[in-house]
Each structure stands twice: as C-alpha cells, then as structure tokens.
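To start, the structure under review is shown below, and the notes come after it.
The values are calculated or read from the model by the stated rules, or taken from the named source; none is laboratory data. What you see is a predicted model; the values in this text were computed from it and never measured. Cβ placement follows ideal geometry from the backbone for every residue including glycine, while neighbour counts extend to all protein chains displayed. To get the accessible areas, we keep the full protein, side chains included, count just its heavy atoms, and leave off ligands, DNA and RNA. Shrake-Rupley method; radii C 1.70, N 1.55, O 1.52, S 1.80 Å.
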Amino acid sequence: MSRICGITFGGLSQILFAFTVVQLFLFLKGASAPPGPAALWRDAGLALQFGVLHSLMLHPRVRGWLVDRLVPAAFYGCGYSVVTCGSLLLTFGLWQSSPTVIWQAAGAMKTFVEAAYLATWVGLAYSLHLNGLGWQTGFTPWRHWLQNQPVPRRVFAPRGVYRLIRHPGYLCFMGLVWLTPDMTFDRAVLTVVWTTYIFIGSWLKDQRLVFFLGDLYREYQSRVPGYPAMPMGPLAKVSYESARSVPAVRLTSTGRSRKRAA
C-alpha cells in the first residue's frame, strides 16, 4: 500500500507541475481575470505568498526538519513541487485584474513584446534543462525510488549559460514578468513584488549553495556574476574571501546536515 501511494503521489505531482506551467504561461501572457475594485493589496499578498513559501521550502533547515520527521528524502522534491504549484494556482485563481492601464503596446511593438515573451520561455526551458529539471520537479529522486535504486548525489558542474551568469533561470522568469504589452495596475503590483522576490531569491540561492557546497561554490561566485553587468553587491562577482563567513554542510543519506569548517 505504501508503494502504491508513493507511485500515485509522484505521478500526480508531475502532472500537476505540467498543468501549472500551462496556467503560468496563460496568466503571465495576460489571460483575463475578473476585475476587482480595491483588490491590489490582495493581489500583492497573493504574489508575496508565493515568493515567501517558495524560499521557505528551499531553506536548508526547513528541508532538513521535514526530511527528518515527515517526508522521505526521495519524495521531498515532489512535495516541494506540489506546494509550489499549489501556491501558484492559488495566485491565479484568486487574482483580480485592474481596469487601469499604465502602458499599452500596439503594432510592431506589441508583436515584438509577444515574440520576446515566447523566446524567454525557450530560454527558461533551456536553463532548467541545464540545471536539472528532474531535480527541481522531484522526478529524478522519485524515479530512482521507483526503480529501487539509491538517490544519486547531485553534481555541481556549471555548463552552457551557467558559465556566464549564476542565475539564468531567475533572469528568464524576470523577463516573463516584465514582458507584457498591457501593463495594468495589478500587473505592475505583480511585477514589483516578483522582481523583488527574484533578486532576494537569487541571493538566498547563493547562500544555500555556499552552505551546501562550500569552497566549490565560493570559487564559482568569484568567477561568474549573478546577473549581467552587475557592478557590485552580492549578485555581482563575489570575492572568495568575503564568502567564507557562510558555513557549509553535507547532507547524510537521511537528510540531516553535518556542519563542517569553511
């Protein structure tokens, strides 16, 4: 029975992920939502809850606690995907549009923005492929569990665009948020909140990877900027010495963390 439940949960989590991607495409493309006067604060809360929940689920201590007590390591990725998808679907379902338009592209400019939107989706898919889509959806560890094989250790080996910038996936997601021909007030709220989340989330991702990989990631940070043309700050190239204040850990097979000296 437990194996049947595991197979069902893992399979449904992948179906939910594919469904949510389609809904995200339509939502960001500007699919109509019911108008709601004075709903901007609620829209802001919906946009914010996704960013907070997404980052919270990725925090090493939260992950370690859940793996130790509630979720087997092979299913954590699927569970994380389900929670993230549920958060996004909640946002889409309760979102209310504003009739007030800040700017509206037309003609050739509208065609350009729409084409750039589609191209950015291609870039996002490419980035996720390079970074291991199966790890991010939970499919890879679940598949190994399904085949009664131990979950392999994830290898850090930057390739492709990751040799030029550290966060191409976040950069593409930012493009999807901004690339709309019709910028209404509610879309502006979404853009401000999610752009802020993207920069904070990028910094938190750097901290997590330093936490887990230690000197290997510090050396990568010193060579590769987080985003193009970042002159300074934590998302520019980070000197090896300034990153050494963050401790690193290794995860045991049960998900517990063991601190080691930086």
#### Entry: the range 95-125 - residue that is open to solvent by 70 Å² or more (accessible area, probe 1.4 Å) and under 21 Å from the mean Cα position of the chain (by Cα) and, of those, nearest to Phe185 (Cα to Cα)
Leu118
### Task
Tell me which residues, restricted to the range 126-140, are assigned to a helix (DSSP H, G or I) and open to solvent by less than 40 Å² (accessible area, probe 1.4 Å).
Ser127, Leu130, Gly134, Thr137, Thr140
### Task
Please go through the range 141-158 and pick out each residue that is part of a loop (DSSP other than H, G, I, E, B) and out of contact with any His (no Cβ under 8 Å at 6 or more places or on another chain).
Gln147, Asn148, Gln149, Arg153, Arg154, Val155, Phe156, Ala157, Pro158
### Query
Val161: in a loop (DSSP other than H, G, I, E, B), surrounded by 13 or more Cβ atoms within 10 Å (Cβ to Cβ) and β-branched (Val, Ile, Thr), yes or no?
no
### Query
Using beta carbons and a limit of 9 Å, which pairs, at least six apart or on different chains, have the first residue in the range 64-87 and more than 21 Å from Leu146 (Cβ to Cβ) and the second one open to solvent by less than 40 Å² (accessible area, probe 1.4 Å) and of a type in the set (Val, Ile, Thr)?
Gly64/Val249; Thr84/Thr20; Gly86/Thr20
### Message
For the range 210-239, which positions are modelled with pLDDT under 85, part of a loop (DSSP other than H, G, I, E, B) and surrounded by 14 or more Cβ atoms within 10 Å (Cβ to Cβ)?
### Response
Met230, Val238
### Considering residues of the range 141-153 that are touching a helix residue (DSSP H, G or I) at 6+ places or on another chain (Cβ under 8 Å) and not β-branched (Val, Ile, Thr) only, the residue most open to solvent (accessible area, probe 1.4 Å)
Pro150
### Query
If you scan the range 41-75, which residues turn out to be within 20 Å of Ile7 (Cα to Cα) and open to solvent by less than 20 Å² (accessible area, probe 1.4 Å)?
Val67, Ala74
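Scan Phe185, Phe156, Phe199 and give me the residue that is surrounded by 17 or more Cβ atoms within 10 Å (Cβ to Cβ), at negative phi and of a type in the set (Phe, Trp, Tyr). Steps first, please.
Working: Phe185 fails: surrounded by 17 or more Cβ atoms within 10 Å (Cβ to Cβ); Phe156 fails: surrounded by 17 or more Cβ atoms within 10 Å (Cβ to Cβ).
Answer to the check: Phe199.
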### Message
Which of the numbered conditions does Val177 fail, given that it passes all the others? Conditions: (1) out of contact with any Phe, Trp or Tyr (no Cβ under 6 Å at 6 or more places or on another chain); (2) buried (at least 18 other Cβ atoms within 10 Å of the Cβ); (3) modelled with pLDDT of 90 or more.
### Response
(1)
### Query
Before we move on, is Thr91 surrounded by 13 or more Cβ atoms within 10 Å (Cβ to Cβ), of a type in the set (Val, Ile, Thr) and modelled with pLDDT of 90 or more?
yes
